[in-house]
Structures are given as structure tokens and as C-alpha cells.
1. Among the residues of region 30-44 satisfying the criterion of being open to solvent by 40 Å² or more (accessible area, probe 1.4 Å) and modelled with pLDDT of 95 or more, which is nearest to Asp68 (Cα to Cα)?
2. Just one of the numbered conditions (1) of a type in the set (A, V, I, L, M, F, W, C); (2) in contact (Cβ under 8 Å) with a residue 12 or more places away in the chain; (3) closer than 27 Å to Gly172 by Cβ is not true of Ala106; which one?
3. Of everything in region 218-230, what is in contact (Cβ under 8 Å) with a residue 40 or more places away in the chain and either polar (S, T, N, Q) or open to solvent by less than 40 Å² (accessible area, probe 1.4 Å) (or both)? Give them in sequence order.
4. What's the number of the only condition in (1) without any contact (Cβ under 8 Å) to a residue 40 or more places away in the chain; (2) out of contact with any Ser or Thr (no Cβ under 6 Å at 6 or more places or on another chain) that Gly12 fails to meet?
5. Please state which of the following conditions Gly49 fails to meet, knowing it meets all the rest: (1) open to solvent by 30 Å² or more (accessible area, probe 1.4 Å); (2) among the small types (Gly, Ala, Ser); (3) touching a Lys or Arg at 6+ places or on another chain (Cβ under 8 Å).
6. Out of Asp68, Asp76, Asp150, report the one residue that is of a type outside the set (Lys, Arg) and over 18 Å from the mean Cα position of the chain (by Cα).
7. Search region 1-29 for residues being of a type outside the set (Ser, Thr, Tyr), in a loop (DSSP other than H, G, I, E, B) and more than 15 Å from Val52 (Cα to Cα), and hand back the single one that is most open to solvent (accessible area, probe 1.4 Å).
8. Take the residues in region 231-259 that are of a type in the set (Val, Ile, Thr) and open to solvent by less than 20 Å² (accessible area, probe 1.4 Å); name whichever of them is farthest from Val117 (Cα to Cα).
Amino acid sequence: MTVNVCIAGATGWAGRPIAEAVLASDDLALRSAVTRSAAGRDLGAAWGGDAVGVPVHGSVADALDGVDVLVDYTSDEAVRANALAALHRGVSVVIGTSGLCADDFADIERAAAEAGVGVVAAGNFSVTAAMAQAAALLVARHLPYREIIDYASAGKPDAPSGTARELAERLGEVAPNSVDVSVEQTRGNAEARGTTVSGTQVHSLRLPSFVVSTEVVFALPDERLSIRHDAGGTPVPYVGGTLLAIRAVVGRVGLIRGLDTLLLAG
């Protein structure tokens, strides 16, 4: 069966190589794309090349005819509305965009269940990032102290990253975090303790030379364990995981968070 795909953000840093991979696939078909700046054009022309037979629309709502799966690589401001628009039309969704919080995912999960379709969302669709998250979830059952450091480029507008937020929320589901001095009891500048996400302190660094790196530090008295994932400067690591999610979401109902969930369940 051919899966018909729409990619929102198809001219972006990650969206374009994913769209190109869908076009090159034997079992996936790129039915449409969403990019407001190129609406009304052919996607190939929007890329600066020859036509590829894929129309570009200005909104997700206009791009869903004949689509089985929406892939969203847009922005934190657009992704929630895009996902809900697709779910209300009975279209499955793969979310690779950062910026959604636990309440957003609760709304998306409810909409997916009501529509009888699936959603796969990951803060990071890299296979190595998924394995780092899986390892951290295992460790959290046994080491009660942890904090997360979120590294990204100086120009990244959202904080924490989707990878770091997803990790903190999922760690909170596995085991509570131990904190000897609460943020509220901190003397001096309490904001130096970072933000609290599902019980874990998250510290976001935004500096040149980083792409996205996520580190969780676990500790016991006199010992520490760090699990860290570093991404390079290209979107290549995210393509394979996104294609895996596109194929896996068809026929599912409800929300799956984390590529590791798919990999370890398979």
C-alpha cells in the first residue's frame, strides 16, 4: 500500500531532505506540501529546481485532500494547530517540531483518539538520540538525582528544546526526581537553577557551534553518570527516523511519544 504524505515545512532545513526521501521511496508518495512563502507553486520550483509534481499550499487545512499522513517540521507557533487540523480530518500525524508542552500533547492525544488515527511525536527523530533517551529512562528507575542540560545554536528561538522537554516529561513518568534544596528555597538568583519540567531541572544553553545536544546527568553520593547525545550540522540523522514513523503511524490510534518507543516495541 502506498502511503500518501503531506509535509508541512517542506522547504525547511529538515523538511526538504525528508520530502526528497519521500519522493525517492517506493512505498510513500508526496501528495502535497505546506510552505506559506511558496504557496501556489510546485515544490521543485520552490526548491529552485525542476517541477516534481507536488503542489505547495499556504495552510495545512488546504493540503489534506487524499493525504494519509501529515509530517510537521514547522515551528512551535504553528505545530499544534497543524496537528489538530489534520486529526480533525482523520489524517494521521508525525510531529518533528519542537515547542509542544504536556498540555498540548494531551489535547493532541484526545483528538487522535476521537478521530481513530495515530500520532507519532518525537523531540528528535535521530536513532542515536532515541537510544540515549531509552537508556536514560532505564537509569531513572535506579538513580534518584538528575538534571538536564540542553545545548543548541545561538539562534534557536524556543527553550528548552523539544528533545530536552520530551526527555524531562518522560523521566517524570518513570520516577520522581530527588531535590535536596527546592528552587523556591534557593538563595540568591533562583532562576539560575533553570526551569522545572515534570520535576527535573532543565538548563538551556544557546551558543554558536552547537546544533542540538542533550545531556542528562544522574548522581548518587560520590558518583555520577552522564548520558549525552550530540547532533551534527546536517539533517541527515532525522530522515530515517521520520520515514520509520510515517510507515508506523498508519493504522495506529492515539499518541506515541518518542522514536525509542517505536524502535523498542518493534
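1. Residues of region 30-44 that are open to solvent by 40 Å² or more (accessible area, probe 1.4 Å), as a first pass: 31, 36-37, 39-41.
Filter again for modelled with pLDDT of 95 or more, leaving 31, 39-41.
Details: Arg31: 9, Ala39: 21, Gly40: 21, Arg41: 22 Å.
Checked region 30-44; the qualifying residue nearest to Asp68 (Cα to Cα) is Arg31.
2. The failed condition is (2).
3. Phe218, Ala219, Ile227, His229
4. If we test Gly12 against (1) without any contact (Cβ under 8 Å) to a residue 40 or more places away in the chain; (2) out of contact with any Ser or Thr (no Cβ under 6 Å at 6 or more places or on another chain), just (1) comes out false.
5. Gly49 satisfies all of (1) open to solvent by 30 Å² or more (accessible area, probe 1.4 Å); (2) among the small types (Gly, Ala, Ser); (3) touching a Lys or Arg at 6+ places or on another chain (Cβ under 8 Å) except (3).
6. Details: Asp76 fails: over 18 Å from the mean Cα position of the chain (by Cα); Asp150 fails: over 18 Å from the mean Cα position of the chain (by Cα).
The unique qualifying residue is Asp68.
7. Kept after step one, since they are of a type outside the set (Ser, Thr, Tyr), are these residues of region 1-29: 1, 3-10, 12-24, 26-29.
Next cut, in a loop (DSSP other than H, G, I, E, B) only: 1, 9-10, 12-14, 26-27.
Remaining after also requiring more than 15 Å from Val52 (Cα to Cα): 1, 9, 12-14, 26-27.
Details: Met1: 177, Gly9: 13, Gly12: 30, Trp13: 135, Ala14: 13, Asp26: 153, Asp27: 54 Å².
Going through the qualifying residues, I end up with Met1.
8. Taking region 231-259 and keeping what is of a type in the set (Val, Ile, Thr), we get 234, 236, 239, 242, 246, 249-250, 253, 256.
This time we only want the ones that are open to solvent by less than 20 Å² (accessible area, probe 1.4 Å), so: 242, 246, 249.
Values: Thr242: 17, Ile246: 13, Val249: 8 Å.
Out of the qualifying residues, it is Thr242.
The values are calculated or read from the model by the stated rules, or taken from the named source; none is laboratory data. Predicted, not measured: the structure shown is a model, and the values here were computed from it. FYI the Cβ positions are ideal-geometry reconstructions off the backbone, even for glycines, and counts take in every protein chain you see. To get the accessible areas, we keep the full protein, side chains included, count just its heavy atoms, and leave off ligands, DNA and RNA. Shrake-Rupley method; radii C 1.70, N 1.55, O 1.52, S 1.80 Å.
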